[in-house]
Structures are given as C-alpha cells and as structure tokens.
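Peer 1: Before we start, here is the structure in question, set down as structure tokens.
The values are calculated or read from the model by the stated rules, or taken from the named source; none is laboratory data. Being a predicted model, the structure only gives us computed values, none of them experimental. Quick reminder, even Gly has a Cβ in these numbers, built from the backbone with ideal geometry, and neighbours come from all protein chains shown. Ligands, DNA and RNA are stripped out before the accessible areas are found, and what is left, the full protein with its side chains, is counted by its heavy atoms. Shrake-Rupley method; radii C 1.70, N 1.55, O 1.52, S 1.80 Å.
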Amino acid sequence: MSTPLLEVRGLRVAFPGQEGLREVVRGISFTVGCEKVGIVGESGSGKSMTARAILDLIPPPGRVSADRLTFAGQDLTRLKPGERTRLRGRRIAMVLQDPRHALNPVMTIGAQLAETFRLHHRLSRGEARRRSIEALDAVHIRDPERVVRLYPHEISGGMGQRAMIAMMLAPGPELLLADEPTSALDATVEAGILETLDELVTARGMGLVLVSHDLDLVAAFCDRVLVFYAGRIVEELPARDLAQARHPYTQGLLACVPRLGERRRELPVLRRDPSWAAS
Amino acid sequence: MAVASEQDGLAGLTEEEPRAHGALRRLLGRVLSVIVSVVLTVFGLLVVTFFIGRVVPVDPLLAVVGDRAPEHVRVQAAVELGLDLPLWRQFLRYLSEILQGDFGNSVLSGQPVLTDIARFFPATLELATVATLIGVCLGVPLGVLAATRHGRWQDQVIRVVALAGYSVPVFWLGLVGLLVFYAELGWVAGPGRIDVVYEYSIEPVTGLMLVDTLLAGDHAAFLDAFWHLILPASVLGYLSLAYITRMTRSLMLAELGQEYVIAARVKGLPERLVIWRHVLGNIMVPLITTVALSYAYLLEGAVLTETVFAWPGLGLYITQSLFSADLTAVLGATIVIGLVFIGLNLLSDLLYTLVDPRAR
Amino acid sequence: MSTLSAWLTTATPASRAQARAGRFYRGTLALLANPLAAVGLVLVALLLLVALFAPVLAPYAPDAQDLAQRLQPPSAAHPFGTDQLGRDILSRVIWGSRITLVIVALAAVTVAPIGLAIGIVAGYRGGWVDRVLMRVTDVFMAFPRLVLALALVAALGPGIENAIIAIAATAWPPYARLARAETLTLRRQDFIAAARLQGASHGRILLRHILPLTISTVLARLTLDLAGMILIAAGLGFLGLGAQPPSPEWGAMVATGREFLTDQWWVATMPGAAIFLVSLAFNLIGDGLRDVLDPRSQGR
C-alpha cells in the first residue's frame, strides 16, 4: 500500500434544490490501495454518489468538486472529459446494483460483453465472442455458449449480476467499485456472487470498493470499512475491529443487526445525532 | 422465492417444451385478438362512411346522378341504390358491394371509384414516403440532440422549430415555398409531378414517378421528377419532422436516466455509442410506432399539400371530387385512407413483436 | 399584494375556493416562468383584444371594395396591401380573428361535453357499454381527422356551421379516452362507494362526483388541441368548405390569394401568417402547460 490506487481528498457532490445547493457528499477523504474497502451507511448517506463521482457519472444538474482526486498518481480533476471517459472501464469499473435494470434489455448478454471486449482490445467479432464465453465461464456461469445468446430478461438475477461482473472486468480494470452488488438479489445467491467477486479481484490483484448497507457482509468480506453518515465519513477502521467501533453511530448500526440465538424484546431504533453530521 | 441456487434459473429455462407451447398459445391469442379488432374497426369504418353517404345528406341521390338529372333517372337510380329499402338492408347491400370492391362510380370521371383511386394512389404514396424519409432522417437526430442538450439553448431552438411545424398551416407553407423556391429563386420545379415534355414518354409501371423514370432509363426525366417532388415532400416532411423530433426527445429523456445507460458509460463506451446504440436500441419500438403514425398523419397533410402543388394523388382526387359534389368518390377515398391508417397501425404492432426481444 | 399572494400560496387553505385559486395561481406562475409559454399567452391575449376591438382597430370595413385600389402592395395606407377587390387585407385579417375565435370556441364547447359524456359513461358502466363505446372511439380514431371532416362537410354542404360540426365530430375521441381513464381510477375509490351506500343514483354520482373531477383534465387537454382545431378550420376554409365569401375567414383568404401568388404575394401570405401565429401561440401555451401539468417533467 505504498502509493494508493485511489486518493480522495475533500470530495463534495451537490445538487441544486429549492433552497440553493444541497450537498449529498460533504467533503470526504479516503484512499484505496490493492485491497478491499467497504463503504457502509444508510440509504441517502452518499455512498453511491461517492462511487459515481469517482467515475464522473453525476448527472448534469449535480456538481462535483474535490481538493484532490487521483487515480494511480494521475490527477483526475485535470483530465479532459474525453480522457476521463477513456479511463472508465479500462482502469476503473463499477458493478451496479440491479442487473435487471443495468443490463441493456434489448441486447443479448453476448452482444453486451463482446461490445466491451471490442471497445478495449480491438478484437475481431469471433475473437470477442470467444472471449465473452470465457469471461462468462470465469464468473461460473454454466453453459456460457447458451447464455451469450440470451437477453437479460431471460436469465435470473444472479446470473445477470455474474454477467455484469464479467462485463465490467472485461477491459481489465485496476479498481472495481461495486455499488450494492447483491442487495437486489435473493439472499441465497449473495454468497456465491461475492465469492466469485473475491476470487477474481484477488487473482488479478485489483482494488475493490464494496458499497453496501449490510454491516455483516462488509465485515466478513473487506479489509477496511468506512462508515458514512449524512455525506461524511464518521469512522474508518479495519473490518476485523468493527465490533470495537468507537463512534456511536457505528455502534448503533451494529446493535440493530439481529443475531442468531439472541433473544430481544424489540430491535433498538437507530439513534441519530445532528452533531455527527456537522463534525 | 427461495430458489436453492441461482443456477436453478437456468435449469428452469432448459425445459423448453412447455414454454414454447405457452408462447405459441399466447401468440395465437394475440393474433386472434388483433384480427377481431381489425375486423371490427373496418366494420365501424364502413358504418361511418355509410352513415355519411346515405343518412347525413338531405338528398343522397344528388351525389350519384347530379343536380340536373330528369325525374325518371332519379327514380331509377333510387331503386338501383336501394333507397326504397329499410336502412339496415341498404347497409347490408352497401357492405357486400364494398367487400366485392365495388365502391360505386365517380360522377366526375364516370369510372369506378376504385379504378380512379388505383391511378391516384401511387402519387400520394411516393410523396408521403419521401416526406417520411425526410422527417425521420432529420427528426430523429434533432430529437436526440434536444434530449442530450436538455434545457440548454439547443433544446429550446429545436422545441420552437418543432412547435412551428405543429402550427404552420401546410397549405400556406406550400404556397410560400412555391413563391420563394420556385417563383423567386427558381431552385425547384413548379406544381405537378413531372414536366409536360416527359409526361407521355414515361410508361407508368409502378406509378411512382421516381421509379418509373429510372426503369425507363431516362436520366433527365428522373431529375425532373425529383425536382418536382422535393418541395412538396419537404413541406410535408416538416410536419413529420416536428412530430418525430418531439417524440424522439421525450422517449430519449425517459431512457437517459436508466441504469443500463450508466452501465454503458461505466464500461467506457463513448457517449456517441451510448446514445445511438444503447438508448436508441431501447426506444426503437415506440419510435417505429411514431414513424408509422406520422406516415398516417401525412395522408392528412397530403390532402392540402396536393391541392397546392397540383399533385395528382389521393388528396387532390378528394378535393376535386368535393368541388364536383361527388360524394361517392370522396367516401371511396376516405375508406381507402382509413384502411391504410388501420394497416399502418397493424404493421407497427407487428414490427413491435419483431424488434423487441421482450415481446417475443 | 403580499397579503394576496400569501393567501394564495398558503399551505393550509381555508376553503375549497382558496385551494383552487392557489393552485391556479401557482400554475400560472409556473407557466409564466417558461418564456415560450409567456410569449404564447401574450399573443393569445393580443388576439382576444384584436377580436374584441376589431371595429376600432380596423382602418377600413372588411368588405369595403375599392376597385381603383385593387391589388396594391403593402403601404402606409394599406399595411398588408389590398386584394383583388381593393379590400384592405389588414382590416380583413383583424375581422377574421373573430371568425377564427368563434369557430374554435364553438368547436371546443361541443367537443368537451361529447367526449366527457362518452368517456365517463364508458368508464363508469364498464362491461359491454364500455367495450362498445371504446370500439366506436377507436373507429373514429382510425380516420385521419381532416379526411373525415372533409367527408362530413361534403355530405352536409359547405358553411361555417357545418365546418364546426365536422371539427367537433372528429375531435372528440381522445377526450372520451381520457375521461374514461380518469373515471376508471375514480370509480373504485371509497368516496364513490360511500355515495352509493348513501343511496345516490348513478346519474347523481356521475354528475356530482365523477364529472367535476374529470373535467379539469379534459379542459387542460383541450387547450393543447386548440391549435389543431384552428388548422383544420383554416384547411376547410382554404378548400372552400368553411366560411363562405365574402366573409374574411383566413383560410379562405389564402385560397383567393393563390391566383395572385407570384405577382401579388401579400394577398395569400398575410392571412396565412396570421393563422400560423395564432396556432403557434396556442401551441406554445399548450407546450408550457404540458410541462406544468406533468409532474415528471418538473425539475428536469
């Protein structure tokens, strides 16, 4: 972890609202190396917006600013829009939440994969098709020759997400952002997807940022955890130390998770203190 | 749903037998309901034209024999038409005549209305087709531009251009076009389909002047036909452009926020491909319906445009018949245009099934 | 002024009238915030004023002939020139605004009730009544509007009344569809069931409960359609099927100008430009209104 892959200093994302600009990400700083970093927090805490801001994918009225935003030593804020586009996919990619919406419904899985391969590797049609089938095989999709001919609505959510992972890893990026990659899926397929993700990321020595609202999952899967609250990072700690979290918000989040074999009269309600957001 | 493993989803798919069976039944059901709907609509169309032809006019005979016919001719015509029969029997007669392709005779030409229509229809077809091509080739890019520059000046300018297309009286636009581009600038040819010089040398094979002149191998005649066509087609094309631009814009805007668009950008796809391959692929189906509807809409604009440009199509046929109080001919042409309308709707429905993988 | 705007924008209106006035006020503000719609509103206001004060504004009588002054180009005496009978085109255009407004207004007040009646009855009764009425609606929608209007006028005979009838007869189907859709969502709601349990008759429910709630949607849609009606009316006039000469109907005026197009361009151009401008004004308002009424388009 000598030179971090991604360095973020004072990142802000704001949207114009009825009472002026409303900041949804309010000056956050963190680094990611070739490791697995988890981002947890409630809905609306700015997790997804952070991931999208890194990729320069905040839709028009939204504004992004950062004191420092570097990727592998390259200052992203100084890049021209075209250069920023070329960085996407090739060096930083993102797995989106719901494969049912994130895969193009009118293109076959094979066409979407092959398109990505041809875009980044200048392959012939046949070659791209062969690589697509290999990529689907690598994410443990059974019978990939058949799946490449199917449309997104013809496969299950779990398969869709595997295909999405294959597609995003196709250009060989160094950093993968995963924005709640399993929350739209059945709980039963979650473990399998994460296992595959872990296997591929480790094998390629990539960095991974896993955005999730599931504390247990992040604790089990990641090396380090960032806890988001109202657009700020309130706590950063190694995943294995999550149980010893000091910040009251993190403690509150942990206390909300029901444990097996535990008897409680009612689940505690998360306590929120406006001063956390202000600090 | 507690599926044991996601791979079960695949296992479910491999049982293709019952799935195909269900799909076939669904397809049959759809085809049947489409057929029933088309038959009922055509029936309704004929009820309306019957009503307009026989019930609305004070004197239905006027349209058939003219206003100077002697009494015995009128009586004979009344019996021939079955005007002495009860209304429902008259309708049955009308229905069976129409179904046999007998639309009555035109007072103006003395020929069967259907023969007349067959002669006039290709000109309208040619005009509307070229106009639609103009509308699609300009309207889709303009709509895409407006959507991708949403709220900026490009969007506003395109909005005004499209709204002007909705607002302009097409007959006036045609006249102004003739005044400027024909009379003043001399860039295009005047009214009509082709110069008198070529008129009798070109053999009508398809009835489409551009095609016929090419078939005849007459290069000069083809160019002449083209310069006659371009102005009326542009005037009509502007109407189609206005409609297609607005529809493309709003369809694009609805899609641009979708997740798959973001995914395509994440992959590193250049914006050009994101828009033209991914987004356009997804709005293709409603866009086809839009184009089909605009084509039908042009049949309407054609009535006025053809009158202005003396373009011998169905529209001119209708207006000329109107001036000679030839209701039979007007209604015959109305039925044909109504049928084309229904046909275009049906066609866009069928194309929908072909283009959208989710509908298969 | 500030108390009035406070009364209008309050979040807790004290009466139904205040709530309505407030909604209208906010809608108007939103509409005026759109510069294009504001231009449209100004143009329509101008049209209304011109029609209202036609006798004052028009420099000549619309049918005052002066054969010595025939086909004069635009000048200070005749800003829009004169026609083949030496009539002042500006005066005729000014008087023609009345005809246009009358046609549109009459067509609109005919169309809305027909569409509403068919739509709410179909939606409320459901079953075979709904199927038959909607099939009839589909049939009318299967005709291109102008062609059906032409056929109707051909049967009825030319004239301004028949043109209005033809426009109304061809314009109602979308309104019936709209009113039906609204009624379908309303008829399952609890307050309708409550009214029925209290013994309200079907007629009472339709007239007192469903009609008031569907009417605003239909009226909003109607404003989007006014431009289309103006164009069809002008088209009929151009074909000689609408208002008959010597009445200064704009479409008919364009038709007379056709003969003199190459040498006396103003005869056809001026009234045509008037049609274009008025129809554009209505379309600009309609377009702005669509943005105001469609909650999805807000903030986009």
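Peer 1: Scan (1) in contact with a His (Cβ under 9 Å, 6 or more places away or on another chain); (2) closer than 20 Å to A:A102 by Cβ; (3) surrounded by fewer than 24 Cβ atoms within 10 Å (Cβ to Cβ) for the single condition A:L150 breaks and write down its number.
Peer 2: Here A:L150 clears every test but (1).
Peer 1: Kindly indicate whether any position in the stretch B:186-199 is assigned to a helix (DSSP H, G or I), more than 16 Å from B:W311 (Cβ to Cβ) and within 12 Å of chain C (Cβ to nearest Cβ).
Peer 2: So far as the stretch B:186-199 goes, no, none of its residues is assigned to a helix (DSSP H, G or I), more than 16 Å from B:W311 (Cβ to Cβ) and within 12 Å of chain C (Cβ to nearest Cβ).
Peer 1: Closer than 30 Å to B:F181 by Cα, open to solvent by 20 Å² or more (accessible area, probe 1.4 Å) and either within 18 Å of the chain's Cα centre (by Cα) or within 13 Å of another protein chain (Cβ to nearest Cβ) (or both): is that true of B:M247 in this structure?
Peer 2: Criteria met by B:M247.
Peer 1: Something else now. Scan the stretch A:8-47 residue by residue and report those that are crowded, with 20+ Cβ neighbours inside 10 Å and within 24 Å of A:D241 (Cα to Cα).
Peer 2: Across the stretch A:8-47, the qualifying residues are A:V8, A:I28, A:V32, A:K36, A:V37, A:G38, A:I39, A:V40, A:G41, A:S45, A:G46, A:K47.
Peer 1: Identify the residue in the stretch C:108-164 that is among the acidic types (D, E) and open to solvent by less than 50 Å² (accessible area, probe 1.4 Å) and, among all such residues, is farthest from the other protein chains (Cβ to nearest Cβ).
Peer 2: Only one residue tops the list, namely C:D130.
Peer 1: Hey, among A:D67, A:D56, A:D75, which residue is open to solvent by 30 Å² or more (accessible area, probe 1.4 Å) and within 22 Å of A:A170 (Cβ to Cβ)?
Peer 2: Of the residues listed, the single one that is open to solvent by 30 Å² or more (accessible area, probe 1.4 Å) and within 22 Å of A:A170 (Cβ to Cβ) is A:D56.
Peer 1: Moving on. Specify the residue that is modelled with the lowest pLDDT; the eligible residues are those in the stretch A:265-279 that are open to solvent by less than 90 Å² (accessible area, probe 1.4 Å) and in a loop (DSSP other than H, G, I, E, B). Give the steps one after another, and end with the answer.
Peer 2: The initial filter retains those residues of the stretch A:265-279 that are open to solvent by less than 90 Å² (accessible area, probe 1.4 Å), namely A:268, A:270, A:273, A:275-278.
Subset that is in a loop (DSSP other than H, G, I, E, B): A:268, A:270, A:273.
Working: A:P268: 67, A:L270: 70, A:D273: 71.
Per the criteria, the residue is A:P268.
Peer 1: Do we have any residue at all in the stretch C:273-282 that's under 20 Å from C:H78 (Cβ atoms), over 13 Å from the mean Cα position of the chain (by Cα) and not aliphatic (A, V, I, L, M)?
Peer 2: No, there is no match, as no residue in the stretch C:273-282 is under 20 Å from C:H78 (Cβ atoms), over 13 Å from the mean Cα position of the chain (by Cα) and not aliphatic (A, V, I, L, M).
Peer 1: Please go through the stretch C:65-92 and pick out each residue that is of a type in the set (S, T, N, Q), part of a loop (DSSP other than H, G, I, E, B) and touching an Asp or Glu at 6+ places or on another chain (Cβ under 8 Å).
Peer 2: Once the filter is applied, which keeps residues that are of a type in the set (S, T, N, Q), part of a loop (DSSP other than H, G, I, E, B) and touching an Asp or Glu at 6+ places or on another chain (Cβ under 8 Å), the stretch C:65-92 yields only C:Q84.
Peer 1: If we keep just the residues of the stretch B:248-266 that are among the polar types (S, T, N, Q) and out of contact with any Leu (no Cβ under 9 Å at 6 or more places or on another chain), which is farthest from A:L177 (Cα to Cα)?
Peer 2: Within the stretch B:248-266, the match that is farthest from A:L177 (Cα to Cα) is B:S250.
Peer 1: Looking only at the stretch C:183-219, count how many residues are basic (K, R) and surrounded by fewer than 13 Cβ atoms within 10 Å (Cβ to Cβ).
Peer 2: Of the residues in the stretch C:183-219, 2 are basic (K, R) and surrounded by fewer than 13 Cβ atoms within 10 Å (Cβ to Cβ).
Quick grid of which residues meet (1) over 19 Å from C:G272 (Cα atoms); (2) of a type outside the set (S, T, Y):
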site: C:A77; (1), (2): yes, yes
site: C:I94; (1), (2): no, yes
site: C:T100; (1), (2): no, no
site: C:T110; (1), (2): yes, no
site: C:I120; (1), (2): yes, yes
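Peer 1: Just the residues that are closer than 20 Å to C:I232 by Cα and in contact (Cβ under 8 Å) with a residue 60 or more places away in the chain, please, taken from the stretch C:111-144.
Peer 2: Answer for the stretch C:111-144, where residues must be closer than 20 Å to C:I232 by Cα and in contact (Cβ under 8 Å) with a residue 60 or more places away in the chain: C:V111, C:A112, C:I114, C:G115.
Peer 1: For the stretch B:104-118, how many residues meet the condition of being touching a residue at least 40 places away in the same chain (Cβ under 8 Å) and either among the β-branched types (V, I, T) or in a strand (DSSP E or B) (or both)?
Peer 2: The number of residues fulfilling the criteria is 4.
Peer 1: Out of curiosity, is B:E300 over 30 Å from A:E83 (Cα atoms), without any contact (Cβ under 8 Å) to a residue 60 or more places away in the chain and either open to solvent by 10 Å² or more (accessible area, probe 1.4 Å) or within 12 Å of chain A (Cβ to nearest Cβ) (or both)?
Peer 2: When the stated conditions are applied, B:E300 passes them.
Peer 1: Which numbered condition in (1) in contact with an Asp or Glu (Cβ under 6 Å, 6 or more places away or on another chain); (2) within 14 Å of chain B (Cβ to nearest Cβ) is the only one that C:P173 fails?
Peer 2: Result: C:P173 passes all but (1).
Peer 1: Looking only at the stretch A:167-177, decide whether some residue is at pLDDT below 85 and in contact with a strand residue (DSSP E or B) (Cβ under 9 Å, 6 or more places away or on another chain).
Peer 2: Within the stretch A:167-177 (the criterion being at pLDDT below 85 and in contact with a strand residue (DSSP E or B) (Cβ under 9 Å, 6 or more places away or on another chain)), the answer is no, since none of the residues qualifies.
Peer 1: Hey, another quick one. For C:R296, all conditions in the list (1) open to solvent by 30 Å² or more (accessible area, probe 1.4 Å); (2) of a type outside the set (S, T, Y); (3) assigned to a helix (DSSP H, G or I); (4) at pLDDT 85 or above hold save one; what is the number of the exception?
Peer 2: Checking C:R296 against (1) open to solvent by 30 Å² or more (accessible area, probe 1.4 Å); (2) of a type outside the set (S, T, Y); (3) assigned to a helix (DSSP H, G or I); (4) at pLDDT 85 or above, the one that fails is (4).
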